[in-house]
Amino acid sequence: MEGLVFLRPALPSLTHRPNQFSRRRSIPGTPMDFHIRNSGPFASSSIRAQQLESKDGSATVSQAAVSAENALKIKEWEVGMFHNEVAASQGIKIRRRPPTGPPLHYVGPFEFRLQNEGNTPRNILEEIIWNKDKEVSQSKERRPLSSLKKYLDNASPTRDFIGALKAANIRTGLPGLIAEVKKASPSRGVLREDFDPVEIGRAYERGGAACLSVLTDEKYFKGSFENLQLIKNAGVKCPLLCKEFVIDAWQIYNARIKGADAILLIAAVLPDLDIKYMIKICKMLGLAALVEVHDEREMDRVLGIEGVELIGINNRNLETFEVDISNTKKLLEGERGRRIHEKDIIVVGESGLFTPDDIAFVQEAGVRAVLVGESIVKQSDPGKGITGLFGKDISCS
Ligand SMILES: O=C(O)c1ccccc1NCC(=O)[C@H](O)[C@H](O)COP(=O)(O)O
């Protein structure tokens, strides 16, 4: 896929035309305008800040600042490249955002960005992840981990997410329900216009949900961390899953201080070691980790990672939006099902569940919990939606 996006007429004052391997910068507070050039995109050892003019003798300091900034960019680029290599070796197709963005190209006075395979997201999940990468970098600048950690002391204790699912499964004889507070999605658009997260959360609890899942992504799902906090502060007792696209441990700490009891880790996005260490961080913070898989390869990877207690099988292909509930059955058949049983892992059937027959089908396949959004959030009373979904009243009363 090759494309050219017109940006703007190039600045007439440029004395040197940057190519795709070079960048032009002005450092605020210095009268210098300089041009950084290197032999390739971030070829680490050769990058140099070349001072073109300096009127106030602040060259050394500015050069040092530039070098530090470059060093950081080089590191980011190297880490990104390393991540992509490791991820690809594990069959992960979702790549990390190239930190430089599409390269620039100049035709006469016009500036273009070259869109191609390497710098344009290949599918919706990759787009979400690249956007998340930017969001998280900005959030980390505003509130670094060191300052985020200070809030941990005052965070309220977490509730037992897995325990609540097991208890509901035993109480009803049906899969424990994680009911999703979901306003919109990339595949379905807006699901509910009159969206009051607290009212929906309360209705789910009344209807017999064991846990809630709260979407916190704003751009693609119209969710927010504010929704998570509002539901928690409204006194809803169900443990809360922070439904996020986690790519950085910072997000786990953030979820914890915003009131989450569990967090989602998506195997299609995270390499094995990231999952392993993120699970350790979750345990340290008292959070449950719901590790989500979609295909056999991801399931096999996740079954090889120590510490996994909760696996979600998503029936939705997050790259194509196709939904097929027989995916849950396929992934639980044979040896995989046996290993899951041996390890006492709780499996959650996710997405595309609308009827009591759907619930029976995934229960028969081996799940002890389900994660449901669309079919219940769209009902005028989402609590009654739960009764419709299970074909009977599963509330505690
Ligand atoms: O729902 C989407 O369109 C979507 C797109 C890209 C990434 C994730 C997406 N959804 C997350 C989920 O998997 C669902 O919200 C969840 O499993 C509930 O599904 P459903 O009951 O079908 O609403």
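Tabulated results
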quantity: Protection proxy ranking of 313-324, 201-212 - average other beta-carbon atoms within 10 Å, highest first; calculated: 201-212, 313-324
quantity: Packing-based ranking, highest mean first, of 234-243, 261-270 given that Cβ atoms within 10 Å are counted; calculated: 261-270, 234-243
quantity: Interchain or long-range residues, amide H under 5 Å from residue 292's placed H; calculated: 265, 266, 267, 312
quantity: Which of 335, 298 has the fewest Cβ neighbours within 10 Å, and the rest in rising order; calculated: 335, 298
quantity: 111, 292, 350 arranged by Cβ crowding within 10 Å, fewest neighbours leading; calculated: 111, 292, 350
quantity: Antiparallel DSSP beta bridges within segment 146-390, as percent of all bridges there, nearest 5; calculated: 10
quantity: Per principal axis, descending, Cα span of segment 95-220 in whole Å; calculated: 71, 39, 27
quantity: Mean-position separation - Cα centroids, segment 291-328 and segment 334-396, in angstrom; calculated: 15
quantity: Length released on extending from residue 138 to residue 343, taking residue separation times 0.36 nm less the Cα-Cα span; calculated: 69.9 nm
quantity: Simple label model, 7 Å out from Cα along Cβ direction - residue 323 to residue 68, nm; calculated: 5.1
quantity: Percent breakdown of C-alpha pair distances by 5 Å bin, ordered from the shortest bin, for segment 146-390; calculated: 1, 7, 15, 20, 22, 18, 12, 5, 1, 0
quantity: Where only C-alpha atoms are counted, convex hull volume of segment 345-397 per residue in Å³; calculated: 76
quantity: Length released on extending from residue 284 to residue 355, taking residue separation times 0.36 nm less the Cα-Cα span; calculated: 21.8 nm
quantity: Point-to-point label distance, residue 86-residue 167, nm (Cα→Cβ direction, 7 Å offset); calculated: 3.7
quantity: Of 228, 263, 290, farthest towards positive along the dipole that unit charges on Lys, Arg, Asp, Glu beta carbons give segment 219-305; calculated: 228
quantity: Segment 244-283: C-alpha pair distances exceeding 15 Å, %; calculated: 29
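Every read-out reported here was derived from the displayed coordinates using simple, explicitly stated rules and does not represent laboratory data. Not measured: the values here are computed from a predicted model. All Cβ positions, glycine included, derive from the backbone under ideal geometry; neighbour counts span all protein chains shown.
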